[in-house]
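**Student:** This is the structure, below, for whatever I ask next.
The values are calculated or read from the model by the stated rules, or taken from the named source; none is laboratory data. Please read these numbers as outputs of a predicted model, since none were measured by experiment. We place every Cβ from the backbone using ideal geometry, glycine too, and count neighbours over all the protein chains shown. Surface accessibility is based on the protein's heavy atoms, side chains included, excluding ligands, DNA and RNA. Shrake-Rupley method; radii C 1.70, N 1.55, O 1.52, S 1.80 Å.
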Amino acid sequence: MGDLLWIFVAAAVVNNFTLSWFLGLCPFLGVSGRLDTAFRMGLANIFVLLVTAVCAWFLNAFILPHAPYLRLIAFIVVIASVVQFVEMAIRKLSPALFEALGIFLPLITTNCAILGLALFQTNREYGFVESISFALGAGVGLTLALVLMAGVRVENELRDVPDVLEGAAMSFLVAGILSMAFMGFAGLFSGVA
Amino acid sequence: MAAPPTTVNEDFIRGLWKENPVFVQLLGLCPALAVTNSAINAVAMSAATAFVLCGSSVLVSSMRSIIPKQVRITTFIIVIATFVTVADFTLMALLPDVHKELGAFIALIVANCLILGRQEAFASRNTVGRALADAAGMSTGFGIALLMLGGIREILGSGSLFGVSLFGDSFEPWIIMILPPGGFLTIGLLLVVFARMERRKGGAS
């Protein structure tokens, strides 16, 4: 149990996917303009990450031992198609949920955070429950980063920012400072692990 | 934007600076920031990306008439993933140290939106020669950007370049530059410098 909690917290804050591994930067810069969009994007990410963890675990356990060189292709194709099917199912079963998350799903299917989760999970040889915990942690971490970033950017809109700093440059500097703040978590749990 | 370039030469030049994939198009940021804590990693990453980008551009462009429109993205991704797998295994066999250092980021070249973007926007619509020139230009531009980031971060963060110490023992390295925040800060400040240069040029003419 302690292990699972550790995996969750490590993925969420200590090694935050976006701010310390640079995974999922496209949505981080693209959709962090408004708070509610950022939050919904985060939720959609958590959802796809969970699907990914299950798919990757299944592939690693049953299929890939027979064909290790197909790992990358198998991950991408299976994850993309499963997300597509789940998307169709949600559209039928719960239109409200689809309204909230649907438009983001195709965008994040081949996002590097998704593939990164599958690969890290493979490298560390996580079992089923550990993978789920890792995916949840990663998703919460991504959501946290997105929401923080959106909060700062909304505030920044009202400030007088120098011309040359506008746009991407400003976002990167903000991300750098957020990332520095998250480095404060480094060393957390080092005594336990 | 100007009229579409017509010569192979222009296809190549475009990617170097004017449409630089990292600094102008902001594509492929994940590898550009994650592995550039030293110049040598930046070179390895650019070489692997160049191989994948050129290989997939040539293949996609030569198959462009037989790829059905509806499944083109899927086809591109499978082509790219194949080349990445080749690059991954080649690096593992030839340079195991570099492979270990870059870790999962070699495999993550698949998710580099620069490569998929070039297939969709260029390789699938142009002849093999032009697609190769475009891919080579974009890869070189990507390499230039990575080398700048890696060079700056290694010089400031470790006081060395390609592992050769530059300043002697009295230099106190800025550890932050080789840690994740350094990546964000370096690219942010570089973008500020470029915006400033652009403004100067615009003001002068």
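**Student:** So what J values fall out for segment B:135-142 if you push phi through Karplus, 6.51 cos²θ - 1.76 cosθ + 1.60 with θ = phi - 60°, rounded to Hz, Gly and Pro as x?
**Tutor:** Running phi through 6.51 cos²θ - 1.76 cosθ + 1.60 with θ = phi - 60° gives 4, 5, x, 4, 5, 5, x, 4 Hz.
**Student:** Continuing with the same structure: Provide a list, ordered by number, of residues in segment B:158-187 showing at least 50 Å² less accessible area with every protein chain present than when their chain is taken on its own, using a 1.4 Å probe.
**Tutor:** At a threshold of 50 Å² (probe 1.4 Å), the residues of segment B:158-187 that become less exposed are B:180, B:181, B:184, B:185.
**Student:** Going 7 Å from the Cα of residue A:99 along its beta-carbon direction, which residues of segment A:10-41 have the amide nitrogen within less than 17 Å of the resulting point?
**Tutor:** Answer for this model: A:36-37, A:40-41.
**Student:** Can you tell me the 0 to 90 degree angle between the C-alpha axis of helix A:128-157 and the longest principal axis of chain A, rounded to 10?
**Tutor:** The two axes meet at around 20 degrees.
**Student:** Right, next: If amide H atoms are built 1.01 Å from N in the plane of the peptide, which residues on other chains or at least 5 residues away come under 5 Å of the amide H of residue B:161?
**Tutor:** Here the answer is B:166, since their amide H atoms fall under 5 Å of that of residue B:161.
**Student:** Calculate one ³J(HN,Hα) per residue across segment B:13-26 by plugging θ = phi - 60° into the Karplus curve 6.51 cos²θ - 1.76 cosθ + 1.60, and present them in order as whole Hz with x for glycine and proline.
**Tutor:** 4, 3, x, 4, 9, 4, 10, 3, x, 7, 7, 9, 8, 6
**Student:** Taking every Cα atom in segment A:123-193, find the radius of gyration and the maximum pairwise distance Dmax, and write them in Å.
**Tutor:** 16.7, 50
**Student:** Which parts of segment A:5-45 would a label at residue A:124 reach, counting a residue when its backbone N lies under 16 Å from a point 7 Å out along Cα-to-Cβ?
**Tutor:** Within reach of a label on residue A:124: A:5-23.
**Student:** Now a separate question. Would you jot down the residues in segment A:147-176 that end up with at least 10 Å² less accessible area in the complete protein assembly than in the chain alone, with a 1.4 Å probe?
**Tutor:** Buried on complex formation: A:163, A:164, A:165, A:168, A:169, A:172, A:173, A:175, A:176.
**Student:** So how long is each side of segment B:1-145 along the principal axes, counting just the alpha-carbon atoms, biggest first, in Å?
**Tutor:** If we take the Cα atoms of segment B:1-145, the spans are 43, 31, 21 Å.
**Student:** For the A and B pair, go ahead and give the buried accessible area with a 1.4 Å probe, both sides summed, in Å² to 100.
**Tutor:** On the way: alone 10480 and 10990 Å², together 18590 Å².
In total, this chain pair buries about 2900 Å².
**Student:** Given the DSSP H assignment, sum -39500 (n - 2.57) over each helix run of at least 4 residues in chain A and divide by its residue total; what's the result at 222 nm in deg cm²/dmol, nearest 500? Don't skip to the end; give the middle numbers.
**Tutor:** Values: 10 runs with 135 residues, N = 193.
Computed ellipticity for chain A at 222 nm equals -22500 deg cm²/dmol.
**Student:** While we're looking at this one, here's another question. Report the net charge of residues surrounding residue B:124, where surrounding means a beta-carbon distance below 11 angstrom and charges are Lys +1, Arg +1, Asp -1, Glu -1.
**Tutor:** Details: positive: B:64, B:69, B:72, B:118, B:125; negative: B:120.
Around residue B:124, the surrounding residues sum to +4.
**Student:** Report ³J(HN,Hα) in whole Hz for each residue of segment A:17-29, in order, from the Karplus equation J = 6.51 cos²θ - 1.76 cosθ + 1.60 where θ = phi - 60°; Gly and Pro get x.
**Tutor:** Each residue's phi maps through the Karplus curve to give 3, 6, 7, 10, 10, 6, 8, x, 6, 4, x, 4, 8 Hz.
**Student:** Tell me which residues come under 5 Å, amide H to amide H, from residue B:28 once H is placed; ignore anything under 5 positions away on its chain.
**Tutor:** Counting only residues 5 or more places away or on other chains, the set is B:113, B:114.
**Student:** So what is the accessible area of the protein assembly as shown per residue, in Å², with the probe set to 1.4 Å? Walk me through the numbers on the way to the answer.
**Tutor:** Details: 18590 Å² over 398 residues.
Each residue of the protein assembly as shown exposes 47 Å² on average to a 1.4 Å probe.
**Student:** Taking only the Cα atoms of the protein assembly as shown, how large is their convex hull per residue, in Å³? Could the numbers behind the result be given before it?
**Tutor:** Values: hull volume 70.0 nm³, N = 398.
So the per-residue hull volume is 176 Å³.
**Student:** Related question: List the residues of segment A:103-135 that lose 30 Å² or more of accessible area once all protein chains are present, compared with their chain alone (1.4 Å probe, heavy atoms only, no ligands or nucleic acids).
**Tutor:** Output list: A:110, A:112, A:115, A:119, A:120.
**Student:** Regarding chain A, what's the average projected area of the Cα-atom convex hull, expressed in nm²?
**Tutor:** Working: hull surface 49.3 nm².
Quarter of the Cα hull surface area: 12.3 nm².
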